[in-house]
Amino acid sequence: MKTLQPLPFEEANLASQAIFTNIKSKIGMLPNLYAAMGVSDKLLGGFLNFTETLKGWEFSAKEYEAIALATSQANGCAYCLSAHTALGKMNGFTEDQTLALRTNTITNERLNALVSLASDFVNTKGHPSTSNINTFFDTGFNKPAFAELIAIISLITITNTIFHNGGFQIDFPKAQNIEQLQEV
C-alpha cells in the first residue's frame, strides 16, 4: 500500500504551505517527494534544514551528489536516482559519470572511494568494510567527512524510503537504467 501521497497545497497546514511556497520560489516547482514529505511540516522543514547544514562543509556539491547517487542506487530508489542524476549534471557530471558513480566504477580515485564507502554503508546496514574505510581516509577524507557521510546517507535514505512508501510519479527526467526500480 502506498501511504504517502503528495499533499495538495490547499490541504497542507500553514507551516507546510510556507515551506512549499519557499521551495517553489527557489526552484520553480514543488517536487512530488517534498509534497509527500509535507504531510509533516516537522519532517520536511527539519529535513531541508539539515540538508542545507551539511552542504558545503566537508563535501563539495559534486561529492554530495555522488553520495546521493550511490545511496539511492543501493536503496533502489528510481525517484532519487532521477533527481540526483539531474542535480549531478547541474554540478558538472556527465551522464556516463552519473552511471559510473551509481556502480562504483568512476575512474576518479577520490570519488570512487567515496561512493564505494557510501554503497557499503547501505548494503551492510551501517557496517562497512575496513578496506573501504581505509581507502576513504587514504584518498584524503578526514573524520568530520566520515561523520558527515553517515549523515548524508541517512538523509538520502529518508527520501528513498518516502518514495518507496509513496504513490507518486517521478517529476524529473528519468535516469537511465531505472526501469526495474519503478513501481508507479
- Checking Thr98, Thr105, Thr85, Thr53 in turn, the sole residue that is of a type outside the set (A, V, I, L, M, F, W, C) and assigned to a loop (DSSP other than H, G, I, E, B) turns out to be Thr105
- Within the range 59-91, which residues are surrounded by fewer than 24 Cβ atoms within 10 Å (Cβ to Cβ) and of a type in the set (A, V, I, L, M, F, W, C)? Phe59, Ala61, Ala74, Ala78, Ala86, Leu87, Met90
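Here is a yes/no grid of residues against (1) within 30 Å of Ala36 (Cα to Cα); (2) among the small types (Gly, Ala, Ser); (3) more than 16 Å from the chain's Cα centre (by Cα); (4) open to solvent by less than 30 Å² (accessible area, probe 1.4 Å):
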{"residue": "Phe93", "(1), (2), (3), (4)": "yes, no, no, yes"}
{"residue": "Ala113", "(1), (2), (3), (4)": "no, yes, yes, yes"}
{"residue": "Asn142", "(1), (2), (3), (4)": "no, no, yes, no"}
{"residue": "Ile170", "(1), (2), (3), (4)": "yes, no, no, yes"}
{"residue": "Lys174", "(1), (2), (3), (4)": "yes, no, no, no"}
- Within the range 144-164, can one find any residue that is at pLDDT below 95 and open to solvent by less than 60 Å² (accessible area, probe 1.4 Å)? no
- Query: Can you name the condition, by its number, that Ala36 falls short on among (1) touching a strand residue (DSSP E or B) at 6+ places or on another chain (Cβ under 6 Å); (2) open to solvent by 50 Å² or more (accessible area, probe 1.4 Å)?
  - Reply: (2)
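The values are calculated or read from the model by the stated rules, or taken from the named source; none is laboratory data. Please read all numbers here as calculations on a predicted model, not as lab measurements. Here Cβ is always computed from backbone atoms with ideal geometry, including for glycine, and neighbour counts include all displayed protein chains. Note: accessible area is taken over every heavy atom of the protein model, side chains too, but ligands, DNA and RNA are not part of it. Shrake-Rupley method; radii C 1.70, N 1.55, O 1.52, S 1.80 Å.
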